[in-house]
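Q: The structure that follows is given in the form of C-alpha cells.
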Amino acid sequence: MALVLGIETSCDETAAAVVDESFHVYASVVESSIEQHQAFGGVVPELAGRAHVTTIAPVVRRALLDAGLDPAAPALSGVAVTSGPGLIGSLLVGLSTAKALALAWDVPYVGVNHLEGHLFAPLLEARDLEWPLMTLLVSGGHSLIVYQRGPGEHEVLGETIDDAAGEAYDKVARWLGLGYPGGPEIDRLAGEGSPNALKLPVSMIGDDYDLSFSGLKTAVVRATQAHQNVALADVAASFQAALAEQLLRKLRSSLEHYDVKGVALAGGVAANSALRAGVAQLASEFGLVAHLPTLAMCTDNAAMIAAAGVYRLGRGESSELNLSARPNWHLADVS
Ligand code: KG4
Ligand code: ZN
C-alpha cells in the first residue's frame with residue numbers, strides 16, 4: 001500500500017495528512033493560527049509564518065500517529081507539499097519540512113500547486129467520480145472556473161480579474177463591521193434578510209468566463225451610504241445574492257458549452273449556502289452529479305495536497321531538493 005504524507009502551509013492553516021494511492025484518507029490534521037490574525041482583520045504573513053514554525057512538527061507527528069504509522073520511521077512512499085501559491089514565509093516552512101523529511105526517510109517528495117490540491121478535494125469524497133468535471137474553485141485568494149478532463153488534467157476557462165470571491169466577502173464584512181473571516185457571518189446573516197433589499201449590479205464583464213467582484217464591493221459601500229437605515233441582514237442577503245448570481249451565471253454558461261459528467265465546488269467559499277444550493281440546482285437541471293465537498297474538504301487541508309501528490313508521484317514525478325517556493329504560481333502554468 002503506497003501512503004503519501006501531505007503538508008500544507010500556504011496561508012494560516014498548518015496541516016498534515018496521510019492518503020493512500022486510491023485516495024483513502026487515513027489521517028488529516030489541521031491547525032489554524034486564525035485567532036492571532038483576527039484583531040488585524042486579515043492574515044498577517046509574519047505571524048502566520050512564525051505559527052507554522054512552532055506547529056508543523058507536532059501536526060506532522062499527529063497525522064502519522066493517527067494513520068497508525070511510526071513517526072520516527074513511517075512506511076511512506078513519498079511526501080507532497082504545497083510549494084505555491086501562497087505566503088512566501090509560510091510556504092517555506094512546509095517546503096523545508098518536506099525536504100528534510102524526504103531526505104531523512106529516503107523517499108521522493110513533490111511540490112504541489114495549492115489550487116490543484118483544491119481540485120482533488122471532491123475526489124477524496126467520491127472516489128468513483130466520473131470525468132470530465134466542471135469545477136467552480138472559490139477561495140479567499142482565488143476564483144476560477146476550471147474544466148477537468150481527468151485528475152491533474154485541467155484547463156482554466158476563466159478567473160477573477162480583481163478580487164477573489166472570499167476576498168470580496170471579507171472586505172464587505174469589514175465595511176459592515178463584522179469579524180474576520182467575513183464569509184461565514186455574511187452567509188448566516190443573509191439567511192435572515194431580503195436579497196431584494198438593495199439593488200446591486202451583477203457584473204458580467206463580457207461573454208467569457210472571467211469574474212469580477214470589485215464593482216459589487218463598491219456598490220455595497222455606495223448603497224449602504226445612501227440607505228443608512230437598511231438592516232445588516234438585508235445588506236448581507238443582497239450582496240450574497242448578487243455575488244452568487246454572477247458565479248452561477250458564468251458556471252451555467254460553461255455547462256452549456258462543455259460536455260461534462262459532474263459539476264463541483266471547491267475552496268473555502270464552497271461552504272457558502274447560496275452557492276451550494278445554486279450548484280445543486282444547476283446539476284439537476286443539466287442532469288449532472290453535484291460534488292459539494294464537506295466543510296473540512298472545502299477549506300485548506302493537507303489531504304487534498306496528499307491526493308495531488310499521489311497523482312504526481314504515481315506518474316513518476318518528484319522534485320529536486322533545490323525547489324523554490326512559488327508565491328504567485330498560477331494554476332494555468334501547472335503542467
Ligand atoms: O480556501 P480557504 O479556506 O483559504 C484560502 O485558500 O483562501 O478560503 C477562505 C475564504 C475566506 O475568505 C472566507 O471568508 C470564505 O472562504 N468563506 C466563506 C464561507 N466560509 C468561508 N465565504 C462565503 N460563505 C461562507 N459560508
Ligand atoms: Zn485554499
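The values are calculated or read from the model by the stated rules, or taken from the named source; none is laboratory data. Worth saying up front: this structure is predicted, and the values here are computed from it rather than measured. We place every Cβ from the backbone using ideal geometry, glycine too, and count neighbours over all the protein chains shown. Calculation scope for accessible area: heavy atoms of the full protein, side chains included, ligands and nucleic acids excluded. Shrake-Rupley method; radii C 1.70, N 1.55, O 1.52, S 1.80 Å.
Q: LEU69 versus (1) assigned to a loop (DSSP other than H, G, I, E, B); (2) among the aliphatic types (A, V, I, L, M); (3) within 16 Å of ligand 1 (Cβ to nearest atom): which is the lone unmet condition?
A: (3)
Q: Could you check ASP207 against (1) in a loop (DSSP other than H, G, I, E, B); (2) touching a residue at least 60 places away in the same chain (Cβ under 8 Å); (3) within 26 Å of GLY287 (Cβ to Cβ) and say which number it fails?
A: So the condition that ASP207 fails would be (2).
Q: Within the stretch 241-280, can you find the residues that are touching a strand residue (DSSP E or B) at 6+ places or on another chain (Cβ under 8 Å), part of a helix (DSSP H, G or I), more than 13 Å from ligand 1 (Cβ to nearest atom) and basic (Lys, Arg)?
A: Within the stretch 241-280, just LYS250 meets the criteria.
Q: Suppose we filter the stretch 86-109 for residues that are away from ligand 2 (no atom under 16 Å from the Cβ), touching a residue at least 60 places away in the same chain (Cβ under 8 Å) and not in a helix (DSSP H, G or I); how many remain?
A: Count: 2.
Q: In addition: Considering each residue of the stretch 280-291, count those that are open to solvent by less than 60 Å² (accessible area, probe 1.4 Å) and in contact with a helix residue (DSSP H, G or I) (Cβ under 7 Å, 6 or more places away or on another chain), and give that number.
A: So the count comes out to 3.
Q: Mind checking which residues of the stretch 98-140 are small (Gly, Ala, Ser) and open to solvent by 50 Å² or more (accessible area, probe 1.4 Å)?
A: Within the stretch 98-140, ALA100, ALA104 qualify.
Q: In the stretch 179-231, what residues are open to solvent by 40 Å² or more (accessible area, probe 1.4 Å), within 14 Å of ligand 1 (Cβ to nearest atom) and within 23 Å of the chain's Cα centre (by Cα)?
A: GLY179, TYR180, PRO181, PRO184, GLU185, ARG188, LYS217 - these are the residues of the stretch 179-231 that are open to solvent by 40 Å² or more (accessible area, probe 1.4 Å), within 14 Å of ligand 1 (Cβ to nearest atom) and within 23 Å of the chain's Cα centre (by Cα).
Q: Looking only at the stretch 126-143, count every residue that is in contact with a Leu (Cβ under 8 Å, 6 or more places away or on another chain), of a type outside the set (S, T, N, Q) and within 12 Å of ligand 1 (Cβ to nearest atom) and tell me the total.
A: Within the stretch 126-143, residues that are in contact with a Leu (Cβ under 8 Å, 6 or more places away or on another chain), of a type outside the set (S, T, N, Q) and within 12 Å of ligand 1 (Cβ to nearest atom) number 3.
Q: So SER335 passes all but one of these: (1) within 16 Å of ligand 2 (Cβ to nearest atom); (2) at pLDDT below 95; (3) more than 17 Å from the chain's Cα centre (by Cα). Which condition number does it fail?
A: The number of the failed condition is (1).
Every residue, every condition in (1) in contact with a Pro (Cβ under 6 Å, 6 or more places away or on another chain); (2) surrounded by fewer than 20 Cβ atoms within 10 Å (Cβ to Cβ); (3) among the small types (Gly, Ala, Ser); (4) at pLDDT 95 or above, yes or no:
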position: GLU35; (1), (2), (3), (4): no, yes, no, no
position: ARG50; (1), (2), (3), (4): no, yes, no, yes
position: THR54; (1), (2), (3), (4): no, yes, no, yes
position: LEU69; (1), (2), (3), (4): no, yes, no, yes
position: THR82; (1), (2), (3), (4): no, no, no, yes
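Q: Kindly list the number of the only condition in (1) away from ligand 2 (no atom under 16 Å from the Cβ); (2) modelled with pLDDT of 95 or more that fails for VAL156.
A: Result: VAL156 fails condition (1) only.
Residue by residue, here is whether (1) at pLDDT 95 or above; (2) small (Gly, Ala, Ser); (3) under 23 Å from GLU21 (Cβ atoms) holds:
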position: ALA264; (1), (2), (3): yes, yes, yes
position: THR299; (1), (2), (3): no, no, no
position: ALA302; (1), (2), (3): yes, yes, yes
position: GLU317; (1), (2), (3): yes, no, yes
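Q: A further question on this structure: Which one of LEU331, LEU295 is within 13 Å of ligand 1 (Cβ to nearest atom), closer than 21 Å to VAL19 by Cβ, open to solvent by 70 Å² or more (accessible area, probe 1.4 Å) and in contact (Cβ under 8 Å) with a residue 24 or more places away in the chain?
A: Step by step, each of LEU331, LEU295 is checked, and only LEU295 is within 13 Å of ligand 1 (Cβ to nearest atom), closer than 21 Å to VAL19 by Cβ, open to solvent by 70 Å² or more (accessible area, probe 1.4 Å) and in contact (Cβ under 8 Å) with a residue 24 or more places away in the chain.
Q: Okay, next question. Given the condition of a type outside the set (Asp, Glu), under 14 Å from SER143 (Cα atoms) and without any contact (Cβ under 8 Å) to a residue 40 or more places away in the chain, answer yes or no: does some residue in the stretch 227-248 qualify?
A: Checked the stretch 227-248: at least one residue is of a type outside the set (Asp, Glu), under 14 Å from SER143 (Cα atoms) and without any contact (Cβ under 8 Å) to a residue 40 or more places away in the chain.
Q: Still on this model: Of all residues being in contact with a Leu (Cβ under 9 Å, 6 or more places away or on another chain) and more than 12 Å from ligand 1 (Cβ to nearest atom) in the stretch 10-19, which is farthest from LEU101 (Cα to Cα)? Just the residue, please.
A: Residue satisfying both the conditions and the ranking: VAL19.
Q: To continue, here is another question. Anything in the stretch 167-178 that is buried (at least 22 other Cβ atoms within 10 Å of the Cβ) and more than 16 Å from ligand 2 (Cβ to nearest atom)? List them, or say none.
A: Hits for the stretch 167-178 are VAL172, ALA173.
Q: Of the residues that make up the stretch 20-40, is at least one within 16 Å of ligand 1 (Cβ to nearest atom), polar (S, T, N, Q), within 22 Å of the chain's Cα centre (by Cα) and part of a loop (DSSP other than H, G, I, E, B)?
A: Yes, the stretch 20-40 has at least one match.
Q: Follow-up. For the stretch 110-153, which residues satisfy the criterion of being farther than 18 Å from LYS250 by Cα and within 13 Å of ligand 2 (Cβ to nearest atom)?
A: Listed by number, the residues that qualify are VAL112, ASN113, HIS114, LEU115, GLU116, GLY117, HIS118, LEU119, PHE120, ALA121, GLY140, GLY141.
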